[in-house]
Amino acid sequence: MSEIELLRQQLQKQEKLASLGLLSAGIAHEIKNPLNFVINFSKMSGKLLDDLTVIVENNVGRLPEDAREEINEIVMDLKDEMEQILGNGERAISIVEGILLVSRGKENEFLPTDVCHIVREYVRLSYHAMRANCQGFNVAIREQYQEGMPPMMVIPQDLSRAVLNVMNNACYAVWNKSQSAEPGYFPEISISVAASADELSISIADNGEGMNDEVKQRLFENFFTTKPIGQGTGLGMSITRDIIENKHGGKITFSSTEGKGTTFTFTIPIGERSFHQLS
Ligand SMILES: Nc1ncnc2c1ncn2[C@@H]1O[C@H](COP(=O)(O)OP(=O)(O)O)[C@@H](O)[C@H]1O
Ligand SMILES: [Mg+2]
């Protein structure tokens, strides 16, 4: 009975997520236009400030010394601010593009994907969700993304969900440990993404509460959770295993020490699949 009830709740959640996905894709699309305005106008304003600098320089003799200095200072400040606007605008665009990338894919569709990009976005998403839910909590996130990684053939929708599941668990594990840990405990989560010629590997390591032997044995079971009611459904890891092993033909491995932390690693074969898709 309780499993049926849990399943019903999970379905309801999925339904909500699906419509939320559609909604966010729509919003992301709409937001891109005004963001492009912000970016383009801040670039143009930067150029106008350059012009202004030249005019001031060409009129050195006609401006009193202190006025000139003041103008130069203001122009410098404005340039800094323009760069801030530009930088943050570009960051916002990249978030929006991440959302579009994930929501554009059809179910089970392998697409050439900037894996580092989606991992980065979903790590942020999980981090901010946790910060919003647990006031006063923080965690140091260390990220290592292999540079210049070419697009990989994966199912972006599913891979991002797998990252989110594991990341959410890692956040919970460090948060839970911080509730009872002695002072001097600094929650930390490390993410790394790397690829070789034939393998993509993503790992997420936390220094949270870790797992005992029973949990290690059961964590992939449907409905297995150690979290209080309302906090966990016990489906995250079984969904994640399905995504990595069945859908991507990869492997999910982990190592964990009780009280010390846990590391999950996804290994996904790449070469062969890309070859099949291209031929
Ligand atoms: N990073 C982790 N650190 C400690 N325990 C973990 C971690 N990830 C998973 N677990 C354990 O595995 C269980 C199952 O995880 P999951 O399937 O995601 O379900 P849920 O998060 O809803 O409990 C968790 O309840 C927890 O006991
Ligand atoms: Mg979970």
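The values are calculated or read from the model by the stated rules, or taken from the named source; none is laboratory data. Fair warning: this is a prediction, and the values are worked out from it, not measured in the lab. Note that we place each Cβ from the backbone using ideal geometry, even for glycine, and neighbour counts take in every protein chain shown. These area figures cover heavy atoms from the full protein model, side chains too; ligands, DNA and RNA do not enter into them. Shrake-Rupley method; radii C 1.70, N 1.55, O 1.52, S 1.80 Å.
Just VAL174, VAL56, VAL163 to compare: in a GNM of the chain, with alpha carbon springs under 10 Å, which one fluctuates most?
Judging by the Gaussian network model, the answer is VAL56.
Apply the Karplus parameterisation 6.51 cos²θ - 1.76 cosθ + 1.60, with θ equal to phi minus 60°, to every residue of region 191-205 and state each ³J(HN,Hα) to the nearest whole Hz, in sequence, with x for glycine and proline.
Along region 191-205, the couplings run 10, 9, 10, 8, 9, 10, 4, 10, 9, 9, 10, 10, 10, 10, 10 Hz.
What percent does the relative contact order of region 150-278 come to when contacts are Cα pairs within less than 8 Å and at least six residues apart?
The value is 29 percent.
Normalised by the number of residues in the chain, what is the relative contact order in percent for Cα pairs under 8 Å and 6+ residues apart?
Normalised by residue count, the contact order of the chain is 15 percent.
Only bridges whose two residues both fall in the chain count here: according to DSSP, what percent of them are antiparallel, nearest 5?
Bridges in the chain are about 80 percent antiparallel.
For the chain, what % of the accessible area comes from carbon and sulfur atoms, probe 1.4 Å?
For the chain, the apolar C and S fraction of the accessible surface comes to 54 percent.
Name the long-range amide H neighbours of GLU188: under 5 Å, sequence gap of 5 or more, or other chain; modelled H, no Pro or chain starts.
Answer set, sorted by chain and number: ALA140, ASN207.
Taking a probe of 1.4 angstrom, what is the accessible area of ILE27 in Å², to the nearest 10?
Answer for ILE27: close to 90 Å² accessible.
I'd like the distance separating the alpha-carbon centroids of region 226-242 and region 49-102, in whole Å.
49 Å
Just to confirm, what accessible area per residue do you get for the chain at 1.4 Å probe, in whole Å²?
61 Å²
Give me the accessible area of ARG142, 1.4 Å probe, in Å² rounded to the nearest 10.
Roll a 1.4 Å probe over it and ARG142 shows about 120 Å².
About the Cα centre of region 1-73, how large is the charge dipole given +1 on each Lys and Arg Cβ and -1 on each Asp and Glu Cβ? Please answer in debye to the nearest 20.
580 debye
Which whole-Hz ³J(HN,Hα) couplings does region 28-40 yield from phi under the Karplus relation 6.51 cos²θ - 1.76 cosθ + 1.60, θ = phi - 60°, glycine and proline marked x?
Whole-Hz 3J(HN,Hα) from phi for region 28-40: 4, 4, 5, 6, 4, 4, x, 5, 5, 4, 4, 5, 5.
Taking 23 Å as the cut-off for C-alpha to C-alpha distance, list the pairs among LYS177/LYS216; LYS13/LYS227; LYS13/LYS251 that go past it.
With Cα atoms farther than 23 Å apart: LYS13/LYS251.
Amide H to amide H, which residues 5 or more places from LEU63 or on other chains are under 5 Å from it, using H placed in the peptide plane?
Those lying under 5 Å, H to H, from LEU63: there are none.
For region 153-279, what is one quarter of the convex hull surface built on the Cα atoms, given in nm²?
8.2 nm²
Tell me which residues come under 5 Å, amide H to amide H, from MET152 once H is placed; ignore anything under 5 positions away on its chain.
Those qualifying (amide H under 5 Å, at least 5 residues apart or on another chain) are THR113, ASP114, VAL115.
Placing +1 at every Lys and Arg Cβ and -1 at every Asp and Glu Cβ, with all other atoms neutral, what dipole size does the chain have around its Cα centre, in debye to the nearest 20?
Charge dipole of the chain: 1020 debye, to the nearest 20.
Karplus couplings for region 162-167 from phi (6.51 cos²θ - 1.76 cosθ + 1.60, θ = phi - 60°), rounded to Hz, Gly and Pro as x?
Result, rounded to whole Hz: 4, 4, 4, 4, 5, 5.
Pull out a ≥ b ≥ c, the square roots of the eigenvalues of the alpha-carbon gyration tensor of region 29-82, then state rounded if a/c is under 1.5, prolate if not and a/b is larger than b/c, and oblate in the remaining case.
prolate
Over the chain, one equal point on each Cα, no solvent: what is log10 I(q)/I(0) by the Debye formula at q = 0.12 Å⁻¹?
For the chain at q = 0.12 Å⁻¹, log10 I(q)/I(0) is -0.86.
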